[in-house]
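Only one structure is covered here, and it is reproduced in the block below.
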Amino acid sequence: MSALPFMLELSMLKTVVVGGGQLAYKRALSLVEAGGHVTVVAPTLHPQLQALALAEKLRWEARYASGDECFLADLLFLCTDQPLVHQQLLRNRAPRQLVYVGDQAQAGHVYVPAKIEKGLLTVSISTAGASPSYTKRIKGQIANMLPEHTAEELAFLQKARELVLASNAGNEEKRALLQELASPERLQDEWREQWLDDQLRRIAEGKQK
């Protein structure tokens, strides 16, 4: 199965999660944390999923989903223990709707990778459902390879990029500054903020002459 990995901005999308167990909680939590508008359809909820509903982080329809239904949402996550219902809802999906099938990842249009997050950095790992155990092992190996100060360095680079792009430096000067700022040597320099200030001041003074 071929797939194109990409990031989704969920704040403008509607998602329905069918199911109320552990998997539904795991998927709903990640959707809520990403800013999604989530409705869960299930007769009962996992305690942690219920806590999200009580906190009004998501909407809960306390009922069984019927295989004859067609949910009008952008994303549909099928997370029950009923494969037949999953098959029926997949067949009944709305036009252009993307469907995740919890018990058979390759049957749907979306599968959820494992991910590592360190501040602004997100690394995703997927085996397309072939082996969760293998995915877990690779995730641990990659996590151990990431620099210890990744989150702090990216926070600095984000702020620095805003300052550079807002300056009156030329495009080539901006590109050179951003490349230098991202180098390991500059990132580990305790005077990196002062260095950036000096560079931007030098460029501004040069433009005034």
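The values are calculated or read from the model by the stated rules, or taken from the named source; none is laboratory data. Not measured: the values here are computed from a predicted model. Ideal geometry is used to build each Cβ from the backbone, glycine not excepted, and the neighbour counts take in all protein chains shown. For accessibility, only protein heavy atoms count, side chains too; no ligands or nucleic acids. Shrake-Rupley method; radii C 1.70, N 1.55, O 1.52, S 1.80 Å.
Tell me the residue from GLN106, GLN87 that is of a type in the set (S, T, N, Q), open to solvent by 50 Å² or more (accessible area, probe 1.4 Å) and modelled with pLDDT under 95, please. It would help to see each step written out before you state the result.
Values: GLN87 fails: modelled with pLDDT under 95.
After applying the criteria, what remains is GLN106.
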(message) Give all pairs with beta carbons closer than 6 Å in which a residue from segment 41-68 that is among the hydroxyl-bearing types (Ser, Thr, Tyr) meets a residue that is at pLDDT 95 or above; count only pairs at least 6 apart in sequence or on separate chains.
(response) THR44/GLY20; TYR64/PRO43
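Give segment 93-103 a look and list any residue that's under 22 Å from LEU13 (Cα atoms) and either surrounded by 16 or more Cβ atoms within 10 Å (Cβ to Cβ) or touching a helix residue (DSSP H, G or I) at 6+ places or on another chain (Cβ under 7 Å) (or both), or say none.
Initial filter on segment 93-103 (under 22 Å from LEU13 (Cα atoms)): 93-102.
Scanning segment 93-103 gives ARG93, GLN97, LEU98, VAL99, TYR100, VAL101, GLY102.
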(request) Kindly indicate which of ALA28, ALA51, ALA62 is closer than 24 Å to ALA107 by Cβ and small (Gly, Ala, Ser). (result) ALA28
(request) Would you check which residues across segment 1-34 are of a type in the set (A, V, I, L, M, F, W, C), open to solvent by 100 Å² or more (accessible area, probe 1.4 Å) and either farther than 25 Å from CYS70 by Cβ or in contact with a helix residue (DSSP H, G or I) (Cβ under 8 Å, 6 or more places away or on another chain) (or both) and list them? (result) MET1, LEU4, PHE6, MET7
(message) Residues to consider are LEU31, LEU75; find the one that is modelled with pLDDT of 95 or more, within 15 Å of the chain's Cα centre (by Cα) and within 28 Å of GLN141 (Cα to Cα).
(response) LEU31
(request) Among the candidates THR80, THR122, THR127, single out the residue that is of a type in the set (S, T, N, Q), assigned to a loop (DSSP other than H, G, I, E, B) and within 18 Å of PRO5 (Cα to Cα). (result) THR127
(message) Return the residues of segment 52-64 that are in contact with a Leu (Cβ under 9 Å, 6 or more places away or on another chain) and part of a helix (DSSP H, G or I); say none if nothing qualifies.
(response) LEU52, ALA53
(request) Name the single residue, out of those in segment 89-119 being part of a helix (DSSP H, G or I) and without any contact (Cβ under 8 Å) to a residue 40 or more places away in the chain, that is nearest to the chain's Cα centre (by Cα). (result) ALA105
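Could you name every one of the helices (runs of 4 or more DSSP H) located completely within segment 145-192 that has at least 1 residues being among the small types (Gly, Ala, Ser) and open to solvent by less than 30 Å² (accessible area, probe 1.4 Å)? It would help to see each step written out before you state the result.
Values: elements: 150-166, 171-181, 184-187.
Qualifying helices (runs of 4 or more DSSP H): 150-166.
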